[in-house]
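Step one of this worksheet: look at the structure below.
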Amino acid sequence: MAFFPFVRSTAFLRRPLRVALVSAAGVAAMALVVTPADALAPAGSFVGSDSTVSEIGPTVPPNGDVNPYGVAVVAKSQGAEVAGDVLVSNFNSGPGTAGLQGRGTTIVQLDPQAGPDASPQVFAQIDPHQLPGACPGGVGLTTALSILPGGWVVVGSLPTSDGTTITGAGCLLVLNSSGHVVETFSGGPINGPWDMTSTSIGAFSELFFTNVLNGTVKAGGAVVNQGTVVRAILFNSPSGPPKLLSTSVIASGFPEELNAAALVIGPTGVALGENGALYVADTIDNRIAAIPLAAFRLGSAGVGIPVSTGGDLNGPLGLATTPNGNVLAANGGDGNLVELSPSGAQLGEKTISPGGAGALFGLALSRAGDALYFVDDSENQLNVLR
């Protein structure tokens with residue numbers, strides 16, 4: 001594989017970036033025994049005593065879609081996208097269809113400066129019957145949401161027929177900056193894309209996404225250790241949508257299962273660190289793992305190297321990395337945000353959703369890296385922590 005000195009793009013940080021790739025042994029040295037460390041959170045950290053949560057606005061579009069999952073920040077104004085705005089994907093259909101999981105078809109766009117009374121703008125409403133390519137099973141938009149150079153939006157789909165019956169492997173949908181689907185990526189290791197991050201430089205981008213449908217449907221509710229993390233390499237065409245060059249499984253063996261309340265549980269959030277590692281939220285095993293040399297590795301790292309387990313973690317879902325290299329994890333089990341050092345020390349936690357369990361999913365940093373946008377599923381709301 002060609003050498004691409006990738007930098008993080010999930011938070012679209014405009015600052016000099018030091019890329020320090022480390023060996024597997026170096027990442028292994030990060031693993032440690034976690035002890036309670038709430039008092040370690042300094043003022044100015046995202047979980048410090050001086051950080052506060054504010055509402056940005058509701059995420060429910062006119063068609064009534066609910067359950068906001070994915071969050072991505074627009075880097076550059078183009079088409080319908082406005083720099084600094086936030087895109088949010090919805091996983092459930094509206095109340096008119098009983099709010100079915102795996103049936104959401106909308107991405108909304110919100111202006112963080114507009115205040116809590118601002119109405120969400122519909123960036124995209126996807127018709128599963130009018131797709132330009134294959135998406136096995138239909139459309140149900142997940143937490144997997146990224147924006148690539150040129151304003152191309154990539155979003156994952158994990159579809160159901162009735163909110164409980166999974167109908168296919170899903171796909172990755174590629175939309176232009178005006179919100180129209182222009183291509184799909186499906187097949188191969190793409191099997192229930194659940195969350196995603198991306199990184200770009202020059203003519204190439206990489207997507208890193210988790211998959212949760214490898215054997216889960218057949219298992220009928222039993223835990224199977226088949227969840228994967230896939231890297232997709234794309235060519236950023238100057239005259240059209242990005243082209244998929246290759247896909248590789250870079251991690252495998254994560255526990256996953258069907259779940260009556262959450263539809264499916266498995267490896268979820270992914271976030272790139274400046275140390276070259278890809279952090280993964282191993283939700284069922286209640287831990288954060290690291291995949292060393294994620295942008296360059298040629299094979300699977302298995303379930304990765306343990307970075308932090310238990311303690312303040314409680315079913316981690318969404319992940320993000322901060323400008324100082326810390327890792328932020330949104331707990332699915334209690335509505336708390338946990339901040340960890342790059343080596344895995346738990347620096348503290350903060351309740352950011354009064355709704356508690358099941359309310360938190362996607363995370364994304366502002367372009368300046370000083371604010372954290374997150375969806376509150378219990379209120380169908382986009383909020384900010386700063």
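The values are calculated or read from the model by the stated rules, or taken from the named source; none is laboratory data. Since we're looking at a predicted model, the values are computed, not measured. Every residue, glycine as well, gets a Cβ built from its backbone with ideal geometry; the counts of neighbours run over all protein chains shown. The area values use the complete protein model at the heavy-atom level, side chains included, leaving out ligands, DNA and RNA. Shrake-Rupley method; radii C 1.70, N 1.55, O 1.52, S 1.80 Å.
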> In the range 44-94, which residues are over 24 Å from S198 (Cα atoms), among the small types (G, A, S), open to solvent by less than 10 Å² (accessible area, probe 1.4 Å) and in a strand (DSSP E or B)?
Replying inline: G57
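With the structure loaded, tell me whether P149 is in contact (Cβ under 8 Å) with a residue 24 or more places away in the chain, open to solvent by 30 Å² or more (accessible area, probe 1.4 Å) and under 22 Å from Y373 (Cβ atoms) or whether it fails that test. Give the steps one after another, and end with the answer.
Numbers: in contact (Cβ under 8 Å) with a residue 24 or more places away in the chain: yes; open to solvent by 30 Å² or more (accessible area, probe 1.4 Å): yes; under 22 Å from Y373 (Cβ atoms): yes.
Judged against the criteria, P149 is a match.
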> Which residues, counting only those in the range 370-385, are closer than 16 Å to A320 by Cβ and open to solvent by 10 Å² or more (accessible area, probe 1.4 Å)?
Replying inline: D370, Y373
>> Need pairs with beta-carbon distance below 8 Å; first residue within 16 Å of V217 (Cβ to Cβ) and polar (S, T, N, Q) and within the range 167-182, second in a strand (DSSP E or B) and modelled with pLDDT of 95 or more; sequence gap 6+ or separate chains.
In response: T167/T160
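Every residue in the range 165-201 that is outside any strand (DSSP E or B) and under 18 Å from V74 (Cα atoms), please.
If the condition is that a residue be outside any strand (DSSP E or B) and under 18 Å from V74 (Cα atoms), then N176, S177, S178, G179, H180 are the ones that fit.
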> From the list V71, V53, V47, V66, which one is modelled with pLDDT of 95 or more and touching a helix residue (DSSP H, G or I) at 6+ places or on another chain (Cβ under 8 Å)?
Replying inline: V66
>> Being in contact (Cβ under 8 Å) with a residue 60 or more places away in the chain and either polar (S, T, N, Q) or touching a His at 6+ places or on another chain (Cβ under 6 Å) (or both) is the filter here; which residues of the range 258-299 pass it?
In response: T268, N275
>> I want to confirm something. Restricting to the range 337-359 and keeping residues that are buried (at least 22 other Cβ atoms within 10 Å of the Cβ) and of a type in the set (S, T, N, Q), which single residue is farthest from W194 (Cα to Cα)?
In response: Q346
> In the range 270-291, which residues are surrounded by 24 or more Cβ atoms within 10 Å (Cβ to Cβ) and in contact with a helix residue (DSSP H, G or I) (Cβ under 8 Å, 6 or more places away or on another chain)?
Replying inline: A277, A290
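Any idea which of D127, D111 is acidic (D, E), at pLDDT 95 or above, under 21 Å from the mean Cα position of the chain (by Cα) and open to solvent by 20 Å² or more (accessible area, probe 1.4 Å)?
Values: D127 fails: under 21 Å from the mean Cα position of the chain (by Cα).
The conditions single out D111.
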>> Looking at (1) touching a Gly at 6+ places or on another chain (Cβ under 7 Å); (2) more than 22 Å from T165 (Cα to Cα), which one does V86 not meet, given that it meets all the others?
In response: (1)
> Could you say whether any residue in the range 324-333 is touching a residue at least 12 places away in the same chain (Cβ under 8 Å) and open to solvent by 40 Å² or more (accessible area, probe 1.4 Å)?
Replying inline: no
>> Restricting to the range 224-242, name every residue that is loosely packed, with under 15 Cβ neighbours inside 10 Å and in a loop (DSSP other than H, G, I, E, B).
In response: S237, P238, S239, G240
> Among all residue pairs at least 6 apart or on different chains, which show Cβ distances below 9 Å where the first residue, located in the range 187-199, is over 13 Å from L319 (Cα atoms) and the second is open to solvent by 10 Å² or more (accessible area, probe 1.4 Å) and among the basic types (K, R)?
Replying inline: T199/R8
> What do you reckon, is G104 under 18 Å from the mean Cα position of the chain (by Cα) and either more than 20 Å from A144 (Cα to Cα) or not in a strand (DSSP E or B) (or both)?
Replying inline: yes
